[in-house]
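The values are calculated or read from the model by the stated rules, or taken from the named source; none is laboratory data. It should be emphasised that the depicted structure is a prediction, and the values quoted were computed from it without experimental measurement. All Cβ positions, glycine included, derive from the backbone under ideal geometry; neighbour counts span all protein chains shown. In case anyone asks, the SASA skips ligands and DNA or RNA and just uses the protein heavy atoms, side chains included. Shrake-Rupley method; radii C 1.70, N 1.55, O 1.52, S 1.80 Å.
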Amino acid sequence: MSAKNGAIKLVAGNSNPALAEAIAAFLGQPLTKAIVRRFADMEVFVEIQENVRGSDVFIIQSTSYPANDHLMELLIITDALRRASARRITAVIPYFGYARQDRKAGGRTPISAKLVSNLITHAGVDRVMTLDLHAGQIQGFFDIPTDNLYASPVMVRDIKDRFDLTNLMVVSPDVGGVVRARGLAKRINAPLAIIDKRRERAGESEVMNVIGDVEGYTCILIDDIVDSGGTLVNAADALLANGAKEVYAYITHGVLSGGATARIASSKLKELVITDSIQPTEAVRVAHNIRVMSIASLIGEAIGRTAAEESVSSLFD
Ligand code: R5P
């Protein structure tokens, strides 16, 4: 691996040590020794324990639960590296929290994704690398180079290995996810269906209209985030009610808050496949119908190419 911006250094926060170790193993480069700990009052304290002067540093940190703590770690690690004279700092944020707050959803509400982008930039990051941003336009919230990677090559490989492609239907669980689902459908040459969620009158429950004939098909739901699991479980029910043979889901970010894992486990979903952009909890690891695929090699490859000033987008051609 060539390094054109100084020696490569990988620094991990506490959000996802397993992924950071796997990326380091892929790159054949040990993680830089660093302490990221708390004072008694929970303030974050960071000490980089190796020389990083003139280095090309990649901080690996998802801003996943607890989002504010992990965001603060990222900002303070950046500050420590900047003050230690790192030549270039890339924030590798496999799961970019706050991304769902990407516009004013109502009067007097914040655009928190923009605020978080400003915080990261002002802390001293030179580049950002992230994965399946909830909304691609968040790249424009940063005035520094931002690479938005896609988990789809990893998903497509898995889908091709496991399914009979002639009987597959890709499904977007809501209208907002159509572009993402259509992209994957194209890659596996499968038809696309869409679920249109509507609340006809205030106080009435949402009606799930399936657009497309899913009868007899094995359906694959594609989305960026599974949080409470409500979207997925309702979508699976609607598809089965419309004659689908079975329903699977491939979702990049397994946020899986609260009782989501139990909800998925007791649902009619055959299997939920997520990536390790967020470190899976023990409950997720043992759930009978949740499987975790690693994106360590994808991110490792993108880091290697960034360090060598090679194309990252060609990873997805
Ligand atoms: C929404 O726009 C996202 O793409 C997901 O569909 C959503 O965050 C899933 O949330 P939940 O699992 O809580 O229904």
Exercise. May I ask you to evaluate 6.51 cos²θ - 1.76 cosθ + 1.60, the Karplus curve with θ = phi - 60°, for each residue of region 133-138 and list the ³J(HN,Hα) values in order in whole Hz, giving x for glycine and proline?
Key: 4, 3, 9, x, 5, 4
Quiz item: Could you give the length gained on full extension between Ala262 and Asn167, defined as 0.36 nm per residue of separation minus the Cα-Cα distance, in nm?
Solution: 31.3 nm
Quiz item: What residue among Asn234, Asn51, Asn14 has the largest mean-square fluctuation in a Gaussian network model of the chain, using Cα springs under 10 Å?
Solution: Asn51
Quiz item: Dipole magnitude of region 152-294 about its Cα centre, charges +1 at Lys/Arg Cβ and -1 at Asp/Glu Cβ only, in debye to the nearest 20?
Solution: 240 debye
Self-check item: Cα-projected label distance for Ser314 with His122, points at 7 Å along beta-carbon direction, nm
Solution: 3.9 nm
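Within the accessible area of the chain, what % is carbon and sulfur when the probe is 1.4 Å and the other protein chains stay in place?
Working: 7070 of 14460 Å².
Roughly 49 percent, rounded to a whole number.
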Practice problem: Excluding residues fewer than 8 places away in the same chain, name every one of the lysines whose C-alpha is closer than 29 Å to that of Lys9. | Solution: Lys33, Lys114
Quiz item: Out of Asp196, Asp174, Asp161, any idea which swings most in a Gaussian network model of the chain, alpha carbons joined below 10 Å?
Solution: Asp161
Quiz prompt | Residues of type lysines that Lys186 reaches as a straight line, Cα spacing below 18 Å, ignoring anything fewer than 8 places off in the same chain | solution = Lys160
Practice problem: Rounded, prolate or oblate: pick one for region 147-220, where a ≥ b ≥ c are the square roots of the eigenvalues of its C-alpha gyration tensor, a/c under 1.5 means rounded, and failing that, prolate if a/b is larger than b/c, else oblate. | Solution: oblate
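If packing is taken as the average count of other Cβ atoms within 10 Å, what order do 258-269, 15-26 fall into, highest mean first? Walk me through the numbers on the way to the answer.
Values: 258-269: 17.7, 15-26: 20.4.
Ranked by mean Cβ neighbours within 10 Å, highest first: 15-26, 258-269.
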Quiz item: Suppose R0 equals 30 Å; then what is the FRET efficiency for Glu246 and Ala18 from their Cβ-Cβ distance, rounded to the nearest 0.05?
Solution: 0.50
Quiz item: Regarding region 20-108, what whole-number volume in Å³ per residue does the convex hull of its Cα atoms give?
Solution: 136 Å³
Practice problem: Report, by chain and number, residues whose modeled amide H sits under 5 Å from the one on Met129, excluding near sequence neighbours (fewer than 5 apart, same chain). | Solution: Ala91, Val92, Ile93, Asp147
Exercise. With label points built 7 Å along Cα→Cβ from the Cα atoms of Arg37 and Arg108, find their separation and express it in nm.
Key: 4.5 nm
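Sort Arg291, Arg103, Arg187, Arg127 by accessible area with a 1.4 Å probe, largest first. Mind showing how you got there, number by number?
Details: Arg291 65, Arg103 145, Arg187 90, Arg127 45 Å².
Largest accessible area first, the residues go Arg103, Arg187, Arg291, Arg127.
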Exercise. Please state, as a whole number in µm²/s, the translational diffusion coefficient that the Stokes-Einstein equation yields for region 152-294 at 37 °C and 0.692 mPa s, with Rh defined as the Kirkwood radius across alpha carbon pairs.
Key: 217 µm²/s
Quiz item: Of all DSSP beta bridges in the chain, what percent run antiparallel (nearest 5)?
Solution: 20 percent
Self-check item: region 32-166, dipole about Cα centre (Lys/Arg Cβ +1, Asp/Glu Cβ -1), debye to the nearest 20
Solution: 260 debye
Self-check item: Nearest-ten-degree value, helix 296-307 long axis tilted from longest Cα axis of the chain
Solution: 40 degrees
Quiz item: By average Cβ neighbour count within 10 Å, what is the ranking of 218-228, 61-71 from highest down?
Solution: 218-228, 61-71
Quiz item: Expressed as a whole number of Å, what is the distance separating the alpha-carbon centroids of region 55-122 and region 18-40?
Solution: 18 Å
Quiz item: log₁₀ I(q)/I(0) of the chain at q = 0.07, 0.16 Å⁻¹, via Debye over equal Cα point scatterers, no solvent, to two decimals?
Solution: -0.29, -1.34
Practice problem: Take the Cβ-Cβ distance between Ile144 and Ala283 as r, set R0 to 41 Å, and report the resulting FRET efficiency rounded to the nearest 0.05. | Solution: 0.65
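When the helix-only estimate is applied to the chain (DSSP H runs of n ≥ 4, each -39,500 (n - 2.57), divided by the residue count), what is the mean residue ellipticity at 222 nm, nearest 500 deg cm²/dmol? Provide the component values of the computation, followed by the final result.
Values: 9 runs with 97 residues, N = 317.
For the chain, the value works out to -9000 deg cm²/dmol.
Pop the C-beta distance of Leu115 and Phe45 into the FRET formula with R0 = 25 Å and round what comes out to the nearest 0.05. All intermediate terms of the calculation are to be shown ahead of the outcome.
Working: r = 24 Å, r/R0 = 0.95.
Once rounded, the FRET efficiency stands at 0.55.
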Exercise. Leaving out ligands and nucleic acids, note down the accessible area per residue over the chain with a 1.4 angstrom probe, in whole Å².
Key: 46 Å²
Self-check item: Net charge dipole size for the chain [Lys, Arg +1 and Asp, Glu -1 on Cβ; Debye, nearest 20]
Solution: 360 debye
Exercise. Find the relative contact order for the chain and round it to a whole percent, using C-alpha pairs within less than 8 Å whose residues are 6+ positions apart.
Key: 15 percent
